[in-house]
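Any read-out appearing in this document is the output of simple, stated calculations on the displayed coordinates, not a laboratory observation. Owing to the predicted nature of the structure, the values given are computational and were not obtained by experimental measurement. Positions of Cβ are generated from backbone atoms using ideal geometry, with glycine treated the same way; all protein chains shown enter the neighbour counts.
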Amino acid sequence: MKKTLIVTAVVMLSLLIPTGCAGGKDNRQGDLSSSVESVISETDDTKVEGNSMDSSMTDSDDADMEANATLGHKQISQEEAHDMMFDFQSNYIIVDVRTPEEYHECHICDAICIPNETITDQMPAELPDKDQIILIYCRSGNRSKQAAEKLAAMGYTNVYEFGGINTWEYETINTQEEQAYKNESVSSDMR
């Protein structure tokens, strides 16, 4: 809470400096700086580093960001994941960490199945490039978070976890449909 208050005060006060809205026609930048310093000193040992932090962030948001950075993976929205899937310049792989049975029923097109339970301390054979973009999902977001943490601990550098397929608003496919589609594509390529 204190960090949010500090950031909000710094942002608001920094907006006043360039516009001259700090009150009066004379330069009050010195008074403004001392106001910022007094707000900071009232918050015990909390520090404000830079001004790039969004003032709407809560302490838990900040903790989540620090945890993601520490763990080496990033949680993104499903919309961001979808956009990445359609960025043809991205070298990515989609990983479904549910069971094979869940995967066969319904999955995101072109996803591969690597069940979370099979991800241990050994590099999965399906993921030989530790720098490749890996987009991970499961049913609800729990297993994908666990899998992302395990992959990051193994040294994977571009792990993006985007929750569960139960809230995925985009197209999905089952294994039979996907196989039929691939067979049809191969047949048309041979013609």
Amide proton proximity set for residue 164, modelled H, under 5 Å, gap of 5+: 138, 141
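First select every other residue whose beta carbon is under 11 angstrom from the beta carbon of residue 148; then total the charges, Lys and Arg +1, Asp and Glu -1.
Details: positive: 74, 143, 145, 150; negative: 149, 161.
Value of the local net charge: +2.
Which value, in debye to the nearest 20, gives the size of the charge dipole of the stretch 139-191 about its Cα centre, when Lys and Arg are +1 and Asp and Glu are -1 at the Cβ?
Working: 6 positive and 8 negative charges, 57 e Å.
For the stretch 139-191, the charge dipole is close to 280 debye.
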Fraction of alpha-carbon pairs over 20 Å apart in the stretch 67-177 - percent: 32
Links that overshoot a 20 Å alpha carbon limit, given the list 130/150; 74/130; 145/182; 74/150: 145/182
